[in-house]
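Before any comments, here is the structure.
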Amino acid sequence: MEESRRLLEFRNISKNFPGVKAIDDVSMSFFEGEIVALLGENGAGKSTLMKILSGAYIRDGGDIILDEEILPHVYSPSDARKFGIAIIYQELSLISELTVMENIYLTHEPKSFPNVIDFKKMNQMARNQLDKLGANVDPQKNVKELPLSEKQMVEIAKALAVDCKVIVMDEPTTSLTWEDSAKLFDIIRKLKKQKITVIYISHRLDEIFQICDRAIVMRDGVVVGEKRIKECSQDEIIELMCGKVLQADLKPQKASMQIVRKEKILEAEHFSDGKFINDINLSIYKGEILGIGGLIGSKRTELFRMICGIDPKQQGILKIKDRVVSIRNAEDAIKNGLGYLSENRKEDGLSLGLSVEENIVQSNYQPVNRYGIVSWEKVEKISNDFIKTLNIKGNSSTKVINLSGGNQQKVSISKWLHAECDILIFDEPTKGIDVNSKAEIHQLIRDFVKNEGKAAVVISSDINELLAVSDRLLIMSKGKIVGEFFDGEIEETSVLKCVTTKGI
Amino acid sequence: MPHNNKIAIKKVLSGNFGTVLVLIFLMCIMTILTPKFFTVSNLTNILIQSATNAIIAVGMTFVIVSGNTDISVGAILAMSSCVGAQVMKSSGSIPLGLFASILAGCALGLFNGTLIAFLEFPPFIVTLSTMWLFRGLAYLFTEGRAIVGLPESMMNFANGKFVLPYIVWVMLIIYISCHFLLQKTVFGRKVVAVGDSKESARLSGINVKKITFIVFVMSGFFSAISGIVYMSRLNSGQPIAGQSYEMYAIAASVIGGASLTKGGIGNILGTLIGAIFIAVLQNGLIILNVSTYWQQVAMGIVVLLAIGLDKLRKRMS
């Protein structure tokens with residue numbers, strides 16, 4: 001890319017938060033039509049830097065130069081859009097009650113008469129824009145009716161609707177299926193051809209090696225390295241990210257012994273929700289990690305939310321340790337030793353406005369409850385123990401909203417370990433989390449089932465994760481179980497084949 | 001533990017620092033403007049005047065912290081105090097009257113709570129409707145007239161004092177115990193958890209419906225207590241009592257740091273400061289002989305200023 005024009009430059013950017021140097025004198029450049037991966041562990045400063053670029057944060061010092069012009073010190077996100085900077089966050093920012101085309105042209109709608117929106121023209125323009133991306137989305141549909149992958153395409157179309165020079169994508173594939181990810185990559189390649197610079201943030205290295213030209217690695221608020229993707233290996237990048245030689249435990253690790261499956265800890269019989277899930281039977285054995293795979297829409301999450309009593313079921317009998325139990329809500333589930341760790345830590349997994357310690361004890365007040373009064377001493381002790389063993393960066397009174405994604409997830413896991421359940425269901429336990437924390441979390445799940453009489457379920461869209469942690473793997477599709485793999489049989493090609501062929 | 005307590009106290013103090021500052025500022029202005037303001041008798045008066053609102057605002061704070069609103073509190077106050085007054089009058093027994101009053105308040109709160117927690121009706125609409133409903137019932141029950149002729153000891157209670165007036169003691173005891181209830185008990189922490197994120201609380205095994213139900217019953221309970229204070233001060237049961245008290249209670253909670261748009265925030269001591277703040281303002285304006293029209297204007301402006309200053313302070317830190 002050396003021959004092409006330098007489009008965007010950060011010059012000596014710094015940003016402090018109370019007690020933290022989030023960005024420390026960072027400089028980097030991006031060229032026209034280049035796809036650059038911005039890498040780093042959670043808390044490395046990538047998101048902060050991108051929020052500075054988008055105008056959401058005001059930088060303490062340094063310059064941003066876009067197209068040979070220095071951007072003003074303070075500007076708003078809507079100014080950033082006008083400069084040609086678009087950011088696509090993990091949590092998409094579309095308005096779900098409006099149609100696709102209305103979202104794409106929000107605030108700059110085509111108008112006919114003085115101030116009347118020309119919907120006909122808008123429809124046509126939206127159609128063109130989406131066609132350019134090869135996205136087959138009806139512009140007149142309400143956004144809330146679209147699957148996540150299509151929403152993302154709308155978001156990209158929206159970015160392109162104004163004259164856009166730089167698109168930042170923050171973890172765009174975390175909620176996408178493998179197929180949809182591939183479609184997204186095609187779109188990114190198209191953007192490149194249109195000379196748009198893409199800054200791509202992801203924790204999935206295989207993706208970065210598929211589409212990126214260059215990788216910039218950050219750690220603790222500074223740039224620690226820059227590599228041309230063609231000239232380096234994945235291990236080199238991981239080393240840069242963690243600042244140490246890759247340990248063996250970061251790579252997929254199998255249980256050393258085969259699990260002896262003799263005692264069932266949970267049996268679900270004839271589970272149906274009356275809509276998508278029809279007559280599902282499954283068992284979980286003591287000591288195993290059961291992986292659940294499948295495409296989006298396979299109703300994996302729905303099945304387990306129903307088993308845990310969070311969402312209503314139409315029918316289904318649940319046996320825990322050979323005893324039929326009636327579970328109507330999460331409270332009943334926890335009483336019966338069944339815990340569900342939500343896939344959306346921001347929506348229903350955590351109380352973001354509350355402290356780490358309050359979140360941890362939320363699942364189980366028993367140990368800290370003295371005749372109705374909370375023993376804060378104990379709360380603090382319990383949470384400090386978790387902070388230490390799970391290596392959470394923060395202290396017990398830190399508000400969860402101020403933690404990075406990986407640390408939030410660890411708080412969520414602490415909460416469920418504190419619940420003292422026998423069976424824990426981890427729904428997307430490492431969504432949006434860096435390699436190092438990912439390995440730590442996998443180890444935590446392993447350690448959990450090592451205890452006498454425990455079992456875990458891991459629901460994941462990340463095939464590598466399922467391959468790494470599962471002792472047994474179930475593949476779901478459209479509310480049914482379509483495949484089962486035991487210990488030795490779990491390997492990538494056959495699993496992928498099952499998912500992609502039986503899936504649709 | 002002492003260390004921990006210190007942190008907790010510090011947290012509450014720093015959280016309310018801005019409001020206290022504005023309150024002191026307001027009191028300074030009043031003192032400069034009129035010599036009649038900063039006297040023992042007037043300050044005691046302010047505390048008595050703040051009591052009815054302050055006591056309702058306790059229940060309101062629990063409701064707001066849990067992520068809900070209750071605008072029927074003024075009507076509950078009227079209805080429960082009329083019931084209490086009637087029972088007191090016809091039986092001649094004060095305890096029986098007080099009991100009836102509290103029972104009525106809790107029952108009305110229970111009605112709100114059932115609709116909101118178990119039938120999942122939106123809290124604003126439910127309490128808007130019951131505000132009219134309860135108020136109308138209070139008028140029907142009394143045929144629109146005040147219930148007079150209560151036992152004399154009611155009046156004695158309102159005027160009696162032990163260092164501080166009894167009414168102020170009642171208020172302080174409620175505040176101290178409710179501060180403890182919200183900050184230190186499992187129930188209180190569950191209220192905060194429900195307010196911060198209903199779904200997260202539900203998935204963590206907290207019985208969200210039960211908590212929501214209880215805070216509305218509490219709101220009814222404190223409205224009734226406030227009604228008793230009101231009844232003792234006027235020595236009668238008034239169906240027009242507590243008109244627009246819901247707004248003062250909400251203002252007290254919000255000045256004290258609670259947020260109407262986001263649950264999980266707010267603390268009881270802040271609400272006390274808020275209630276006193278409102279009473280100081282009303283009292284000062286009356287002493288200054290400001291017309292009632294201007295009083296309302298001033299009220300609106302000062303509440304906006306108080307909240308604006310607090311926002312500014314939070315943004316600066």
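Coordinate-derived values only; no laboratory data. A quick note: this is a predicted structure, and the numbers were derived from the prediction, not measured. So basically every Cβ, Gly included, is an ideal-geometry build from the backbone, and we count neighbours across all protein chains shown.
Brief remarks follow.
- For the listed residue pairs A:Lys275/A:Lys299; A:Lys132/A:Lys190; A:Lys111/A:Lys190, the alpha carbons are over 18 angstrom apart in A:Lys111/A:Lys190.
- Between the helical axis of A:376-389 and the longest alpha-carbon principal axis of chain A there is an angle of about 70 degrees.
- Filtered chymotrypsin sites (Phe, Trp or Tyr not before Pro), region B:20-96: DSSP coil and at most 14 other beta carbons within 10 Å: B:Phe38
- Grouping the Cα pair distances of the protein assembly as shown into 20 Å bins from zero gives a pair-distance distribution of 14, 39, 34, 13, 1 percent in increasing distance order.
- Stretch gain in nm, segment A:Lys193-A:Asn128, where the contour uses 0.36 nm per residue and the Cα spacing is subtracted: 21.7 nm
- Added length on full extension, which subtracts the Cα-Cα distance from 0.36 nm per residue, A:Ile463 to A:Lys141: 112.8 nm
- The modelled label-to-label distance for the pair A:Asn281/A:Ser494, using points 7 Å beyond Cα in the direction of Cβ, is 2.3 nm.
- The slack between A:Val224 and A:Phe113, meaning 0.36 nm per residue of separation minus the straight C-alpha distance, is 34.5 nm.
- Helix A:178-193 axis, angle to chain A major axis (alpha carbon atoms, nearest 10°): 10
- Among beta bridges that DSSP assigns inside chain A, antiparallel share in %, nearest 5: 55
- Rg then Dmax, both in Å and based on the Cα atoms of region A:345-420: 11.3, 35.
- Residues B:Leu119 and A:Glu263, FRET efficiency given R0 of 45 Å [Cβ-Cβ distance, rounded to 0.05]: 0.55
- Hydrophobic long helices, here whole DSSP H runs in chain B with Kyte-Doolittle means of at least 0.0 and Cα atoms spread over 24 Å or more along the helix axis, are found at B:2-33, B:40-65, B:73-91, B:94-113, B:123-142, B:166-184, B:208-234, B:268-287, B:292-316.
- Point-to-point label distance, A:Phe17-A:Leu148, nm (Cα→Cβ direction, 7 Å offset): 2.3
- Sites A:Lys121 and B:Leu288 - FRET efficiency at Förster radius 60 Å, r taken between beta-carbons, to 0.05: 0.45
- Among the trypsin sites (Lys or Arg not before Pro) found in region A:312-375, those both in a DSSP coil and sparsely packed, with 16 or fewer other Cβ atoms within 10 Å of their Cβ, are A:Lys321, A:Arg328.
- One quarter of the surface of the convex hull around the alpha-carbon atoms of region A:91-227 equals 9.5 nm², the direction-averaged projected area.
- With 27 Å as the limit on Cα-Cα distance, the pairs of A:Lys264/A:Lys480; A:Lys82/A:Lys410; A:Lys151/A:Lys313; A:Lys51/A:Lys410 that go past it are A:Lys82/A:Lys410; A:Lys151/A:Lys313.
- Which of A:Glu269, A:Glu145, A:Glu102 has the fewest Cβ neighbours within 10 Å, and the rest in rising order: A:Glu145, A:Glu269, A:Glu102
- Each residue, B:Ser177 and A:Trp178, gets one label point 7 Å from its Cα in the Cβ direction; the gap between the two is 6.3 nm.
- With respect to chain A, whose longest principal axis is taken over its alpha-carbon atoms, helix A:148-161 is tilted by about 10°.
- Label-reachable residues, region A:338-370, where backbone N falls under 12 Å from a point 7 Å from A:Asn384's Cα toward its Cβ: none
- Cα gyration tensor category, rounded, prolate or oblate, for region A:151-216 with a/c compared to 1.5: oblate
- Loop exposure criterion: GluC sites (Glu not before Pro), DSSP state outside H, G, I, E and B, at most 14 other Cβ atoms within 10 Å. Applied to chain B, the longest stretch between such sites is B:144-317.
- Packing-based exposure ordering (other Cβ within 10 Å, fewest first) of A:Lys431, A:Lys415: A:Lys431, A:Lys415
- Two-site FRET efficiency, B:Ser93 against A:Ser93, from Cβ-Cβ distance with R₀ of 60 Å, rounded to 0.05: 0.40
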